[in-house]
Amino acid sequence: MKKKEFTSAGMLGFFLKGSVALFAASIVANLFGTIFNTLVPQIISVTIDSIIGDEPLNKVSSFVVDLLGGIDVLKKSLWIVALIIGILALLIALFRYLETYLTARANQTLLRRMRNTTFSHILRLPMSWHDRQMTGDIIQRCTSDIDTVTNFVSNQLIMLFRILIMTVISLIMMFTMNLKLALIASAFLPVMITYSLLFYRKAGRYFKQCDEQEGVLSTYAQENFSGARVVRAFGKERYEKEKFEKQNVYYTGLWVRVERFLALYWTTSDLLLAIQLMLIVVLGTIFCVNGEITTGKLLGFISYNTMLMAPIRQLGRIVSNLSKANISLRRVSEIMNAEEEEYGTAEQLSGDIEFSDIIFSYDDKPVLKDINLKIPQGSTLGIIGATGSGKSTLAALLDRLYETERGQITIGGRDIKDIPRSTLRNNIGLILQEGHLFSRTIGENLAIAREGASDADIRNYASLACVSDNIEGFAKGYDTILGERGVRLSGGQIQRIAIARTLMRRAPYIIFDDSLSAVDSETDLTIRKNLKKEFEGSTVIIISHRITTLMNADNIIVLDDGKIVEQGTHDELVAKGGIYKKIFDIQMNLPEELKGDLQ
Ligand SMILES: Nc1ncnc2c1ncn2[C@@H]1O[C@H](COP(=O)(O)OP(=O)(O)O)[C@@H](O)[C@H]1O
Ligand SMILES: [Mg+2]
């Protein structure tokens, strides 16, 4: 068994495996693009100062000018400079393309890895974990939370690197051009950063409100669509429509407020940028007149100043998204940090089942009290009892869907806690009352029980569960698609398909948890007869409300409020005159025409 707990950062590192090289490559591409980009103002400034004008060249530029044939050649053929700028523009475009492409690939790789790992992890989490979660919440964590994290990494985090690269390069250029002007220009940096952070902190609160209200809106919609029958039955369409409209107006109003607020930010920060630029231009011109800076350098300086200031305005957005992404990452980490169940082996179990002194509660609610029970191999046990008496819980404990609190369950003398869960479950065919079928074909639903099942197998087990006639009655037979976009089955049909599916596993232990309830008595009897014939050596547990379903069992227990209150064969229990007898009498006291069902 694992498990090391991940922190949020550790979790991100884990998810980034496979995409981190792509992200790094995209940052390198950005670095090259930015460097080429910063060369252009340099070239223009040298051209103005020394090629058009007569300023002396510095070391680097005279080296480059010499390479190109010397200053006199360039003075006559300015097109060479234009060509170089054109080539640079091409290179910039190439690296921008590379950067975008690499980021997109990294993003998809990260997204894929996050989705796959969380999905397969969730499939291996214990039932007790699933009980504590709401399906909608898990789906949200697997979709929008994962999207938020990947978006943050591929857009915002990458942008942070870009801003950093741009800022460092622009500052270096500006400080080498003119110290005084650079100091004045960069004095605005902290102002801009603070302004951006403060603004987005407030905007973050607005965004959060929008998200929450969007949740409320979609819950309204979802509840009304899934409860469409109820809404109509009570004639509540108008009321629900008005409720939805009111929420919708409120929600859209929130967005308008956010947009207005952001518009305020971008325009005021534009203004701040304009003031800074104005100051640089005015002071720069004065310096230029005084001979402290050349015209070309001033032009270059102004270009770098724009490169420096514009992206800084994004910082607030990045920081505000950071906390949102962090929350999402934590929500995903919570899933990933929940402990998986262990993998099992293909071992075949055998022997008697024994419950000794079992006590079990869900959270604080005691459900099973002092259960002692022996089920000999190959025998049939019947369990009867009121709703909520703990019948399903007893079956779930045997399947280790939950862990017993006290006491021990053994199979063939082995504590089931020492048997890996999947080994145990391969040996126990548990058929639930609410058999869940997937939105696939009937054949596929049956085939999931056994790998490599042939069509003949599938048909054989469908007929054992008395459902083959129904299936063959559909135009597409076993290829009939079930679910929302397919055929809707009746409760009895679903139960019988679920039975066929479990029987296909040929497990040595089979549990029917109320799984014959929606099947008529005659079919119930046929299925049990088939079972007896086909599954001779199997140990069978039948949980039912219907006495006729379990009256032929070798042993019957009556559960009442989590305790076994009566135990014996049908005849013994009837003779005893307790609860069982009472249920028997009520059920026997049926109209004449139904009595024929009893066998
Ligand atoms: N997953 C669960 N979490 C909390 N309580 C549960 C859960 N499943 C069942 N219970 C409660 O435990 C009791 C026994 O339930 P169950 O074993 O399903 O009874 P039965 O199958 O006899 O109707 C009931 O009171 C039920 O409300
Ligand atoms: Mg039940």
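The values are calculated or read from the model by the stated rules, or taken from the named source; none is laboratory data. Here the structure is a predicted model, which means the values were calculated and not measured. Quick reminder, even Gly has a Cβ in these numbers, built from the backbone with ideal geometry, and neighbours come from all protein chains shown. The area values use the complete protein model at the heavy-atom level, side chains included, leaving out ligands, DNA and RNA. Shrake-Rupley method; radii C 1.70, N 1.55, O 1.52, S 1.80 Å.
Things to note:
- Cβ pairs under 7 Å, 6+ apart, first in the stretch 421-433 and more than 19 Å from Ala500 (Cβ to Cβ), second open to solvent by less than 40 Å² (accessible area, probe 1.4 Å) and in a helix (DSSP H, G or I): Leu424/Ile416
- With respect to the stated conditions, Val191 fails to be assigned to a helix (DSSP H, G or I) and either free of Cβ contacts under 8 Å to residues at least 40 places away in the same chain or of a type in the set (Asp, Glu) (or both).
- Residue in the stretch 472-490 that is touching a helix residue (DSSP H, G or I) at 6+ places or on another chain (Cβ under 8 Å) and in contact (Cβ under 8 Å) with a residue 60 or more places away in the chain present: no
- Just one of the listed residues (Asp479, Asp469, Asp418, Asp457) is at negative phi, acidic (Asp, Glu) and in contact with a Gly (Cβ under 7 Å, 6 or more places away or on another chain), and it is Asp479.
- Subset of the stretch 362-384 (residues that are under 12 Å from Gln567 (Cβ atoms) and within 13 Å of ligand 1 (Cβ to nearest atom)): Ile371, Ile383, Ile384
- Hey, Lys391 within 12 Å of ligand 1 (Cβ to nearest atom), among the charged types (D, E, K, R) and either in the same structural domain as Asn552 (by TED's automatic domain parsing) or open to solvent by 10 Å² or more (accessible area, probe 1.4 Å) (or both) or not: yes
- Given (1) within 16 Å of ligand 1 (Cβ to nearest atom); (2) within 30 Å of Thr345 (Cβ to Cβ); (3) open to solvent by less than 70 Å² (accessible area, probe 1.4 Å), index of the condition Ile416 fails: (1)
- When Met166 is tested against (1) at pLDDT below 90; (2) surrounded by 14 or more Cβ atoms within 10 Å (Cβ to Cβ), exactly one condition is not met: (1).
- Those residues of the stretch 423-479 which are among the acidic types (Asp, Glu) and closer than 25 Å to Ile542 by Cβ, in sequence order: Glu434, Asp457, Asp469
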